[in-house]
Amino acid sequence: MLSLPFIQHALLAGTAIALLSGLAGHFVVLRGQVFAGDMLSHVAYAGALAALAAGLDPRVGLFASTIAVAVGIALLAGKATADDVIIGNAMAWVLGLGVFFLAFYTTYRATGNSTANVTVLFGSIFGISGRDAALAAAIAAGLIVVLLLIARPLLFASLDPEVAAARGVPVRLLGPLFLAIVGATAAEASQAVGALVLTGLLAAPAAAAYHLTNRPWVALALAGALAVAAMWLGITLAYAVPALPPTFTIMTIAAAEYAVAALIAYRRRQRHAPTRNTTTEPTSVTS
């Protein structure tokens, strides 16, 4: 399997994208911004279709739209984390834009690339070229470096934004910066697993990590490792069973990781739960 060029390209791009998604997802889950990640999946779809409708490379629309909207909702919120009301309204507007660009694209542009809509929705990691795989890996590596550089103050701002602000941490700057990274991560992940399910790659490994440990730095590393494992196992399973699309296998593995981690956490709580003392004092029988 590893001797095949398309597998090599998929593993190169997929490993970098999965690691970025796992690390960014750690803070997405910690900051309670999974809904924001879900909204950015809709933005990625609308942005890619807008680029296609304009005759541009869909990656232009992916990155421009996700980063711009991510920063926009962070600035509108004016807080350390984005407000769900703002995110919900933005999502409704973006969905309308997606429908408009889809109609425009299918009417005027789809004859030149009839599968582009499906590719944006579900990804095409087995169809990625060597050049595109190298570019995706380089972009993901750069985003990982930026994320790790701000990881310590971001963790402080995520756990206690008021105290972090009082200690001089630039909380208001970190919010938009982090969501910009999440937006770029969504654009990257859309190329591998598609805009429709990229939230799962952000959330599932990170949520699984938090079920397994309550130490933030350990959870950060574990989230990245679980995301990469889901990518590798998903690609391997899709290759072994050609009838299964890689997006399905990758997301199935990620969901299974979360389910197993949740079960382990449940059993751990059950073992450490205090047991009720059912011992009763012996009673004496008198005649």
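One residue alone among Leu56, Leu95 is assigned to a helix (DSSP H, G or I), surrounded by fewer than 16 Cβ atoms within 10 Å (Cβ to Cβ) and either of a type outside the set (Lys, Arg) or modelled with pLDDT under 70 (or both), and that residue is Leu95. Checked against the criterion of being touching a helix residue (DSSP H, G or I) at 6+ places or on another chain (Cβ under 9 Å) and surrounded by fewer than 24 Cβ atoms within 10 Å (Cβ to Cβ), the candidates Leu198, Leu179, Leu202, Leu212 yield just one match: Leu212. Quick check: anything in region 9-22 free of Cβ contacts under 8 Å to residues at least 60 places away in the same chain, within 29 Å of Asn89 (Cβ to Cβ) and within 15 Å of the chain's Cα centre (by Cα)? The answer is no; no qualifying residue exists. Look at region 147-171: where a residue is in a helix (DSSP H, G or I) and among the β-branched types (Val, Ile, Thr) and a partner is surrounded by fewer than 17 Cβ atoms within 10 Å (Cβ to Cβ) and at pLDDT 85 or above, sitting 6+ places away or on another chain with Cβ atoms under 6 Å, you get Val171/Ala165.
For (1) of a type in the set (Phe, Trp, Tyr); (2) closer than 18 Å to Ala180 by Cβ; (3) at pLDDT 80 or above, each residue gets a yes or a no:
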{"position": "Ala10", "(1), (2), (3)": "no, no, yes"}
{"position": "Arg31", "(1), (2), (3)": "no, yes, yes"}
{"position": "Gly37", "(1), (2), (3)": "no, yes, no"}
{"position": "Ala64", "(1), (2), (3)": "no, yes, yes"}
{"position": "Thr106", "(1), (2), (3)": "no, no, no"}
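From the residues in region 1-29 that are among the polar types (S, T, N, Q) and part of a helix (DSSP H, G or I), which one is farthest from Leu222 (Cα to Cα)? In this case the residue turns out to be Gln8.
Whether a residue is modelled with pLDDT under 90, within 16 Å of the chain's Cα centre (by Cα) and of a type outside the set (Asp, Glu) was assessed, and Thr275 does not pass this test.
None of Ala64, Ala68, Ala50 is buried (at least 19 other Cβ atoms within 10 Å of the Cβ) and out of contact with any strand residue (DSSP E or B) (no Cβ under 9 Å at 6 or more places or on another chain) except Ala50.
So is Gly123 more than 24 Å from Trp217 (Cβ to Cβ) and either at pLDDT 85 or above or of a type outside the set (Gly, Ala, Ser) (or both) or not?
On the way: more than 24 Å from Trp217 (Cβ to Cβ): yes; either at pLDDT 85 or above or of a type outside the set (Gly, Ala, Ser) (or both): no.
No, not satisfied.
Close Cβ contacts (under 8 Å, 6 or more residues apart or on different chains) running from residues in region 220-247 that are in contact (Cβ under 8 Å) with a residue 40 or more places away in the chain to residues that are outside any helix (DSSP H, G or I) and buried (at least 16 other Cβ atoms within 10 Å of the Cβ) comprise Ala238/Pro245; Pro246/Gly123; Thr247/Gly123; Thr247/Gly194; Thr247/Val197.
The values are calculated or read from the model by the stated rules, or taken from the named source; none is laboratory data. From a predicted model like this one, the values you see are computed outputs, not experimental measurements. Every residue, glycine as well, gets a Cβ built from its backbone with ideal geometry; the counts of neighbours run over all protein chains shown.
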